[in-house]
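Worksheet for the structure shown next.
The values are calculated or read from the model by the stated rules, or taken from the named source; none is laboratory data. Since we're looking at a predicted model, the values are computed, not measured. No Cβ is skipped: glycine too gets one built from the backbone with ideal geometry, and neighbour counts run over all protein chains shown.
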Amino acid sequence: MVTLKFGVFLYKPEPVEGVDYNFYRIKPESGTVGEPNPKMYTNIACFGDNALAAKRPEWISVSKDGPAFRTNKRYNLRWDVLCMTNPEVREYNLNLIEKCAKETPGISISSQHFADHGFCVCPRCVEQWRQSGLNWTEWRATTVTEFLKEVRQRVGSKPLFVNLLPDPVLGKERFGYDYDALAEYADYFVIPMFSKAYPTPWYWEMLARAFKSKLKKPVFVNFYVRGPGETWETVAPTKQILTVATRAARTGIDGIIFLAEKADWIREFQKVAVQSKDVLAELEGYGGDEVLRLVHSWESLF
Ligand SMILES: [Zn+2]
């Protein structure tokens, strides 16, 4: 029987109990950089970097519909995205990855790809594409894979988790994902499934099943508990998160991660989950019992 792994994805370097993996977002897309915690895996957002984009706006990725700033309404950009062929940005991220790989149990990377379809048509990218002799889609995919290869070299033998934005159909055209090529360098894939509400688990379950069928390394999904700037009123109730996790668990995925700003919010989520006896009883029989066993294991924490 497959045993699911569980983790948390936190913006503060304090781990929680009751999960297999604690990830610390040492450099989220805001671009702020913390200190590595040897007890936590390290997550690094590479080319999504608001702080660096503010400091060096000329490094932004560009398209014919404008640059990859959050203010560009032609795209759904959650953060500012720098050009991924910029040698200074690459080296900056690779050095941080190497340092964290030495000091912490493993690495997770996000935003290690193109901003979206249409990016990047800066003079450097166009020149590199021309010299490659490849078509545009293949050049972009090769560029993303080559960056992951460099990341792999810096990470060495430590576990490497690679986050992929949740579009299983057009991931190559939009972000440059060649799933099979990436699987040569990744140990695990993580699919962020962030939402402030999960009233319809059907869609998330479908996405989990789709990615599990396509990806040739273990697949984790990541659900949103309470991110920075939220209150318990602005995020999904625990019942919805337990339900969507249980439904995703039955698709054959290998792990589930929960995002929160800090350990306190995860502990509160764990406590409410343990107390949700009626919800847990209702979720029996769905085929996602490992989530229910996880919640039962949290009883000893309180
Ligand atoms: Zn570029």
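With 141, 186 as the choices, which residue is buried (at least 18 other Cβ atoms within 10 Å of the Cβ), closer than 22 Å to residue 207 by Cα and within 16 Å of the ligand (Cβ to nearest atom)?
On the way: 186 fails: within 16 Å of the ligand (Cβ to nearest atom).
Residue meeting the stated conditions: 141.
Among the residues that make up the stretch 111-129, is at least one of them more than 16 Å from the ligand (Cβ to nearest atom) and small (Gly, Ala, Ser)?
No, the stretch 111-129 contains no residue that is more than 16 Å from the ligand (Cβ to nearest atom) and small (Gly, Ala, Ser).
For the stretch 245-273, give me each residue that is surrounded by fewer than 19 Cβ atoms within 10 Å (Cβ to Cβ), out of contact with any strand residue (DSSP E or B) (no Cβ under 7 Å at 6 or more places or on another chain) and closer than 20 Å to residue 5 by Cβ.
Step one: list which residues in the stretch 245-273 are surrounded by fewer than 19 Cβ atoms within 10 Å (Cβ to Cβ), which gives 250, 252, 254, 261-264, 267-268, 271-272.
Pick out the ones that are also out of contact with any strand residue (DSSP E or B) (no Cβ under 7 Å at 6 or more places or on another chain) and you get 250, 252, 264, 267-268, 271-272.
Within the stretch 245-273, 250, 252, 267 meet the criteria.
Considering only residues that are part of a loop (DSSP other than H, G, I, E, B) and loosely packed, with under 15 Cβ neighbours inside 10 Å, which ones fall in the stretch 144-158?
First, the residues of the stretch 144-158 that are part of a loop (DSSP other than H, G, I, E, B): 156-158.
Passing the criteria: 156, 157.
Look through the stretch 274-302, keep the residues that are assigned to a helix (DSSP H, G or I) and charged (D, E, K, R), and return whichever of them is surrounded by the most Cβ atoms within 10 Å (Cβ to Cβ). Walk me through how you get there before you give the answer.
Taking the stretch 274-302 as the starting set, the residues that turn out to be assigned to a helix (DSSP H, G or I) are 274-275, 277-283, 289-301.
Those still in the list that are charged (D, E, K, R) too: 277-278, 282, 289-290, 293, 299.
Details: 277: 9, 278: 9, 282: 14, 289: 17, 290: 19, 293: 11, 299: 13.
Across the stretch 274-302, the extreme among qualifying residues is 290.
Just the residues that are within 30 Å of residue 103 (Cβ to Cβ) and of a type in the set (A, V, I, L, M), please, taken from the stretch 121-157. Reasoning before the result, please.
We begin by selecting, within the stretch 121-157, every residue within 30 Å of residue 103 (Cβ to Cβ); these are 143-157.
Scanning the stretch 121-157 gives 144, 148, 151, 155.
Does residue 9 qualify as being in the same structural domain as residue 261 (by TED's automatic domain parsing) and at pLDDT 95 or above? So that I can check it myself, show each step before the final result.
Details: in the same structural domain as residue 261 (by TED's automatic domain parsing): yes; at pLDDT 95 or above: yes.
So residue 9 passes the test.
Would you say residue 173 is out of contact with any Gly (no Cβ under 8 Å at 6 or more places or on another chain), over 29 Å from residue 242 (Cα atoms) and of a type in the set (Asp, Glu)? Steps first, please.
Working: out of contact with any Gly (no Cβ under 8 Å at 6 or more places or on another chain): yes; over 29 Å from residue 242 (Cα atoms): yes; of a type in the set (Asp, Glu): yes.
Spelling it out, residue 173 is indeed out of contact with any Gly (no Cβ under 8 Å at 6 or more places or on another chain), over 29 Å from residue 242 (Cα atoms) and of a type in the set (Asp, Glu).
On the given criteria, is residue 242 touching an Asp or Glu at 6+ places or on another chain (Cβ under 8 Å), under 28 Å from residue 160 (Cα atoms) and either crowded, with 18+ Cβ neighbours inside 10 Å or not small (Gly, Ala, Ser) (or both)?
Numbers: touching an Asp or Glu at 6+ places or on another chain (Cβ under 8 Å): no; under 28 Å from residue 160 (Cα atoms): yes; either crowded, with 18+ Cβ neighbours inside 10 Å or not small (Gly, Ala, Ser) (or both): yes.
For residue 242, the condition - touching an Asp or Glu at 6+ places or on another chain (Cβ under 8 Å), under 28 Å from residue 160 (Cα atoms) and either crowded, with 18+ Cβ neighbours inside 10 Å or not small (Gly, Ala, Ser) (or both) - is not met.
Assess whether residue 102 counts as being surrounded by fewer than 20 Cβ atoms within 10 Å (Cβ to Cβ) and over 24 Å from residue 12 (Cβ atoms). Step through it out loud before you land on a result.
Values: surrounded by fewer than 20 Cβ atoms within 10 Å (Cβ to Cβ): yes; over 24 Å from residue 12 (Cβ atoms): no.
Criteria not met by residue 102.
Among the residues of the stretch 1-28, write down those that are touching a helix residue (DSSP H, G or I) at 6+ places or on another chain (Cβ under 7 Å) and under 21 Å from residue 154 (Cα atoms).
Matches in the stretch 1-28: 26, 27.
Here is a list of conditions, (1) part of a strand (DSSP E or B); (2) farther than 18 Å from residue 111 by Cβ, and residue 25 meets all of them except one; can you say which number that is?
The failed condition is (2).
Do we have residue 51 as closer than 22 Å to residue 166 by Cβ, of a type outside the set (D, E, K, R) and surrounded by 13 or more Cβ atoms within 10 Å (Cβ to Cβ) here? Explain how you work it out, then say what you get.
Details: closer than 22 Å to residue 166 by Cβ: no; of a type outside the set (D, E, K, R): yes; surrounded by 13 or more Cβ atoms within 10 Å (Cβ to Cβ): yes.
The answer is no for residue 51.
Quick check on the stretch 144-159. Is at least one of its residues among the hydrophobic types (A, V, I, L, M, F, W, C) and within 15 Å of the ligand (Cβ to nearest atom)? Walk me through it before giving the result.
Restricting attention to the stretch 144-159, the residues satisfying the condition of being among the hydrophobic types (A, V, I, L, M, F, W, C) are 144, 147-148, 151, 155.
Applying the additional criterion that residues be within 15 Å of the ligand (Cβ to nearest atom) yields 144, 147.
Checked against the condition, which is being among the hydrophobic types (A, V, I, L, M, F, W, C) and within 15 Å of the ligand (Cβ to nearest atom), the stretch 144-159 yields at least one hit.
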